[in-house]
Amino acid sequence: MGPVTSTGGRGGSAPSERATATSEPDLTVPGTDSIRVLVADDHVLFRRGLEMVLQQEGDIDVVGEASDGAEAIQRAEQLLPDVILMDVRMPRTTGIEACLAIKERVPSSRIVMLTISDEESDLFEAVRAGANGYLLKDVPGEEIAAGIRAVHHGQSLISPSMASKLLAEFALISRRDADTPNPHAPKLTDREVEVLRLVAHGKANREIGTELFISENTVKNHVRNILEKLQLHTRMEAAMYAVRQNIIDPHQR
C-alpha cells in the first residue's frame, strides 16, 4: 500500500516518528463488535490501499468512504461510524470543516485526521475542531489500525514531537491575544496537574503511569476527572486549556 507505507511525506521529509498510541497494549478484545470505520480522502488510490490494510484486521470494519468533506458529513450521518479517518485537505469542504460539522451532528464518532504535513497550523486547527487524533500518512498501515483502536477506546493519538509543536503554537497565540487567566477556572489537584502536563507532551497512559508510579487505570481515572472538571472532550483540548490558564508551562517537562 504505497501512500500509507511510504516515507516520502512532503518535500522528501524523513519518516515520521511512531505515534504515542502505538506504545499502548493491543486493545483488541476477541468476540466484541468490530470498530466501524469511515474513510474520507479525495485520493481514490489512498482510500483503496487503506481499506485493503484495514480489511486484514479482524476487529475493524470499513463501512463506507467519502471523497470530500461534504460527502464525509453526509456519510457520517447515514452510517454513524465509530471512527472516521479524515484527510485534512479535501475539495468542497475541508477535513477541518467536516470535523467541526460531524462533531455537532454525530458526536459519538471519533475523528482521526490524516495528512502528509506536520505543519503546526494544520495540527492546531485539527485539535480546535475536536479531532481525537492526528496521523501523518507515511506511517505504516498497522500503526493506523492501532490508532483506530486507541481513539475508539478514548485515547488521544498524537506523537510527542507533534504535541510539542501544538503547545508551542498555542502558547504563542495565547500570548498574542493576551488571554487573561480565568480566576474561576476549575481547580485541579496537584496529581491531576502532573498527569495533564504529561498528556500535553504526548505521553500515553502507560508511560504516564510509569513516570508517576501509578497504575494505568489510575491514569485513566485522572484523565476522565480532568475532562469532566474542565468540561472538555479530548486530552489535547485539556492541554490547550491548561496552557491558556497558566496551569502548565508548555516548555516544562
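Summary of computed values
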| item | result |
| --- | --- |
| Candidate set from the range 54-106 (those that are of a type in the set (Gly, Ala, Ser) and assigned to a loop (DSSP other than H, G, I, E, B)); member that is most open to solvent (accessible area, probe 1.4 Å) | 58 |
| Filtered residues of the range 168-206 (kept if in contact with a helix residue (DSSP H, G or I) (Cβ under 6 Å, 6 or more places away or on another chain), among the aliphatic types (A, V, I, L, M) and at pLDDT 75 or above) | 195, 196, 198, 199, 200, 204 |
| Number of positions in the range 29-53 that are assigned to a helix (DSSP H, G or I) and open to solvent by 30 Å² or more (accessible area, probe 1.4 Å) | 5 |
| Answer residue from the range 203-227, given it is part of a helix (DSSP H, G or I) and open to solvent by 70 Å² or more (accessible area, probe 1.4 Å) and is nearest to residue 130 (Cα to Cα) among those | 224 |
| From the options 238, 204, 242, residue that is over 25 Å from residue 146 (Cα atoms) and either without any contact (Cβ under 8 Å) to a residue 24 or more places away in the chain or hydrophobic (A, V, I, L, M, F, W, C) (or both) | 242 |
| Scope the range 107-145; condition among the acidic types (Asp, Glu) and assigned to a helix (DSSP H, G or I); matching residues | 120, 122, 125, 142, 143 |
| Search result, residues across the range 228-238 that are assigned to a helix (DSSP H, G or I) and surrounded by fewer than 16 Cβ atoms within 10 Å (Cβ to Cβ) | 228, 229 |
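The values are calculated or read from the model by the stated rules, or taken from the named source; none is laboratory data. The model shown is predicted, which means the values in this text are computed figures rather than measured ones. Glycine also receives a Cβ, built like all others from the backbone with ideal geometry; neighbour counts cover every protein chain displayed. For the accessible areas, the whole protein counts, side chains as well, though only heavy atoms, and no ligand, DNA or RNA atoms are used. Shrake-Rupley method; radii C 1.70, N 1.55, O 1.52, S 1.80 Å.
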